[in-house]
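J.: Following this message is one structure expressed as structure tokens.
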Amino acid sequence: MDARDLEYFVVVAECGNLSRASEQLGLSQPALSKSLRRLEHAVGTKLVKRTARGVELTTVGSVLLTHARRLRLSFDEIGREMSELGQGRAGHLRVGSAPMQVEHLVSPACAALFNEAPKATIQIAVANNDVLLPTLRHGEFDVTVCAIPAAPNDDLVQEPLYEDEFVIFCSDRHRLANRKRVTISDLAKERWALATPGSFAPKMLLRMFEDSGFPPPAVVMETESLTPKLHLVSSTDVLGYASLRNVLSFAPRYRLARLHFRDLPCFRTIGVSYRKNGYLPPLAMRFIEILKKTARKLAAEK
């Protein structure tokens, strides 16, 4: 059974007249009649009978019409789905994100993507760079959103999104909160709540203390989750080191203050990464475009 003959049959059935069906299809009437005969030969029985007003379906023809309409609908749905997939409006997206990028960057980008692609599904895993980039290389993510290492990765495409400033913060009731300038000697006496070892903040602090001849910072809490650190810092004399964007966002709620310390390297580049030679789904391409737009908005709001 030929799919084109089946489509012609549906048009004939809906028109009820070979002449009108021929005009609609842009096909000669003899060619249309030949198509009907091929279809009847394929099913082994008559599908239409001629009348004074045109044609009528036989019992078998009516049954075939029901199935043919279902097939037509299925083909239409397949076409729409392929179009949506091709334009990035459907499919499954696997995202790996650093903890601090989830709230301000990844979450609003996902919401914007869902508005465009309501049939899409998204899986988000949260981890630090040491986990995200190797996992991306193994093909478990389509994209990752995290800090871009200074050394280039030849097997990855890494597109910058924005510069992330890190600051030291404390409770607004901390004894150092109102200092116009804080020194390394002041910081060496304090306790800290930081991300887990291997993350940006612990690495930078450890390097600063070592370069200045001080012992490692006294860390009393290690977690990738921001909330426990904020609670601890806001209610004790413990210091934190985190993205300025997060500190500003939560400062009113947790009564946080930024310490004025100038000697600590405090910028890193946040970007989106994906495999250079891997397959990048259309949905992932659109997500990257939305991430860039979201990042520009964040930069403008700062």
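J.: Got a sec? Charge dipole of the range 1-150, +1 on Cβ for Lys and Arg, -1 for Asp and Glu; which of C15, S97, F75 is way out at the positive end?
T.: Selected residue: C15.
J.: With the dipole of the chain worked out from charges on the C-beta (+1 for Lys and Arg, -1 for Asp and Glu) around the Cα centre, which of A242, T223, V43 lies farthest toward the positive end?
T.: Towards the positive end, the residue furthest out is V43.
J.: In whole percent, and with a 1.4 Å probe on the protein chains, what portion of the accessible area of the chain is carbon and sulfur?
T.: Using a 1.4 Å probe with all protein chains present, the chain comes out at 52 percent carbon and sulfur.
J.: Right, something else. Take the Cα of E301, step 7 Å along the line toward its Cβ, and report every residue of the range 193-227 whose backbone nitrogen sits under 12 Å from that point.
T.: Correct set: none at all.
J.: Once each part is reduced to its C-alpha centroid, what is the distance from the range 258-298 to the range 88-136 in angstrom?
T.: 12
J.: Take the alpha carbon gyration tensor of the range 192-238, find the square roots of its eigenvalues, order them as a ≥ b ≥ c, and report rounded if a/c is under 1.5; if not, report prolate when a/b exceeds b/c, else oblate.
T.: Note, shape of the range 192-238 comes out oblate.
J.: Determine Rg/Rh for the range 134-227; Rg is computed over alpha-carbon atoms and Rh is the Kirkwood hydrodynamic estimate from the same atoms.
T.: Working: Rg = 16.8 Å, Rh = 16.1 Å.
Rounded to two decimals, Rg over Rh is 1.04.
J.: Find the Cα radius of gyration of the range 70-140, compare it with 2.2 N^0.38 Å by division, and give the number to two decimals.
T.: Values: Rg = 15.7 Å, N = 71, 2.2 N^0.38 = 11.1 Å.
Normalised Cα radius of gyration, the range 70-140: 1.41.
J.: Give me the accessible area per residue for the chain, probe 1.4 Å, as a whole number in Å².
T.: On the way: 16120 Å² over 302 residues.
On a per-residue basis, the chain sits at 53 Å².
J.: A further question on this structure: Report the gain in length on full extension from H138 to T58: 0.36 nm times residue separation, minus Cα-Cα distance, nm rounded to one decimal.
T.: On the way: separation 80, 0.36 × 80 = 28.80 nm, distance 5.87 nm.
Between H138 and T58, full extension yields 22.9 nm more.
J.: Scan [x] 103, 39, 29; [y] 61, 42, 37; [z] 87, 46, 32 for the value of Cα extents along the principal axes in Å calculated from this model and give just the label.
T.: Read-out from the structure maps to [x].
J.: Quick one: check the C-alpha center-to-center distance for the range 44-78 versus the range 152-227, whole angstrom.
T.: The distance from the Cα centre of the range 44-78 to that of the range 152-227 comes to 73 Å.
J.: Still on this structure, I have one more. On a full-extension model of 0.36 nm per residue, what is the gain between T196 and E14, subtracting their alpha-carbon distance, rounded to one decimal in nm?
T.: Details: separation 182, 0.36 × 182 = 65.52 nm, distance 6.83 nm.
Gain on stretching T196 to E14: 58.7 nm.
J.: Please list 3J(HN,Hα) in residue order for the range 183-190, calculated via the Karplus relation 6.51 cos²θ - 1.76 cosθ + 1.60 where θ = phi - 60°; whole Hz, with x for glycine and proline.
T.: Coupling constants for the range 183-190: 9, 5, 5, 5, 5, 5, 8, 9 Hz.
J.: Anything in the chain that counts as a DSSP H helix reaching 27 Å or more along its axis (C-alpha) with Kyte-Doolittle mean of at least -1.0? List them, would you? Kindly include the intermediate steps, with their values, before the conclusion.
T.: Values: long enough: 59-86 (41 Å, -0.06); 282-301 (29 Å, 0.11).
The qualifying helices are 59-86, 282-301.
J.: Search the structure for amide H atoms under 5 Å from the amide H of L239, placed 1.01 Å from N in the peptide plane, and list their residues when 5 or more places away or on another chain.
T.: Amide H to amide H, under 5 Å and 5 or more residues apart or across chains, L239 pairs with R191, W192, A193.
J.: What residues from the range 231-263 fall in the zone where the backbone N is under 15 Å from a label point 7 Å along the Cα-to-C-beta line of K189?
T.: 237-239
J.: What residue among V182, V157, V63 shows peak mean-square fluctuation when the chain is described by a Gaussian network model with Cα springs under 10 Å?
T.: Ranking V182, V157, V63 by mean-square fluctuation puts V63 first.
J.: Which residues in the range 259-282 have a backbone N closer than 18 Å to a point placed 7 Å from the Cα of A151 along the Cα-to-Cβ line?
T.: 269
J.: Further question: Which of the pairs K203/K292; K119/K229; K46/K119 have their Cα atoms more than 32 Å apart in this structure? Could you put the intermediate results ahead of the total?
T.: Numbers: K203/K292 27 Å; K119/K229 37 Å; K46/K119 42 Å.
Exceeds cut-off: K119/K229; K46/K119.
J.: May I ask you to order 275-281, 86-92, 2-8 by the average number of other C-beta atoms within 10 Å around their residues, highest value first?
T.: On the way: 275-281: 13.1, 86-92: 16.9, 2-8: 15.3.
The packing order, highest mean first, is 86-92, 2-8, 275-281.
The values are calculated or read from the model by the stated rules, or taken from the named source; none is laboratory data. Note that this is a predicted model, so its numbers are computed, not measured. As a convention, Cβ positions derive from the backbone with ideal geometry for all residues, glycine included, and neighbour counts pool all protein chains shown. Remember, those area values only see protein heavy atoms, side chains included, never the ligands or the DNA or RNA. Shrake-Rupley method; radii C 1.70, N 1.55, O 1.52, S 1.80 Å.
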